[in-house]
Amino acid sequence: MSRSVLRRLALSMGAVAALGACSGDINPVRDVAISAGVGQKRPDGQDFVRDSRPATLDYRPVGRLAAERDRKARTPTEVKALEAQVDKSRAAVQAAGEQAKQAGQTPAPVSPKVSP
């Protein structure tokens, strides 16, 4: 290999190591410094932090379909029944709102006049 190729390879590896220092868990520069006794070892987390975190984080992989659900789609009859229930609830809320609106329109009480 020529000298310029080796120089570019060395610069590339140095850049990768330097950029690796930006990541949180994988940091070869920090690991070398700690093993040499120069760097500071990462402190352990507080007890409440370690206790609140799960042992494994189960994330759904990106790009995959969601798991099958055990709930079936509602039938048209069930949808109509649900719509009727919502309409009934809406009517009750509107009636209560009208009643409150009427109660708020009553004139304020006038204090009685007392003769001196």
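The values are calculated or read from the model by the stated rules, or taken from the named source; none is laboratory data. Quantities reported herein were computed from a predicted structural model and do not represent experimental measurements. Cβ placement follows ideal geometry from the backbone for every residue including glycine, while neighbour counts extend to all protein chains displayed. Note: areas computed on protein heavy atoms with side chains; ligands, DNA, RNA excluded. Shrake-Rupley method; radii C 1.70, N 1.55, O 1.52, S 1.80 Å.
A few points about this structure:
- Cβ-Cβ distances below 6 Å connect the following pairs, each with a first residue in region 32-43 that is under 19 Å from Gly14 (Cβ atoms), a second residue that is assigned to a helix (DSSP H, G or I) and of a type outside the set (D, E, K, R), and a separation of six or more residues or different chains: Gly39/Ala33.
- Residue-level analysis places Ala66 outside the set of residues that are surrounded by 10 or more Cβ atoms within 10 Å (Cβ to Cβ) and either touching a helix residue (DSSP H, G or I) at 6+ places or on another chain (Cβ under 6 Å) or over 30 Å from Val29 (Cβ atoms) (or both).
- Unmet requirement for Val79, which otherwise passes all of (1) exposed (fewer than 10 other Cβ atoms within 10 Å of the Cβ); (2) among the aliphatic types (A, V, I, L, M); (3) under 38 Å from the mean Cα position of the chain (by Cα): (1)
- The residues of region 19-56 that are among the aliphatic types (A, V, I, L, M), under 30 Å from the mean Cα position of the chain (by Cα) and either surrounded by 11 or more Cβ atoms within 10 Å (Cβ to Cβ) or modelled with pLDDT of 75 or more (or both), listed by number, are Ala21, Val49, Ala55.
- Qualifying residue in region 108-115 (condition: open to solvent by less than 70 Å² (accessible area, probe 1.4 Å) and hydroxyl-bearing (Ser, Thr, Tyr)): no
- When Ala66 is tested against (1) at pLDDT 75 or above; (2) part of a loop (DSSP other than H, G, I, E, B); (3) within 30 Å of the chain's Cα centre (by Cα), only condition (1) is not met.
- Meets criteria (modelled with pLDDT under 85 and under 32 Å from the mean Cα position of the chain (by Cα)) for Ala73: no
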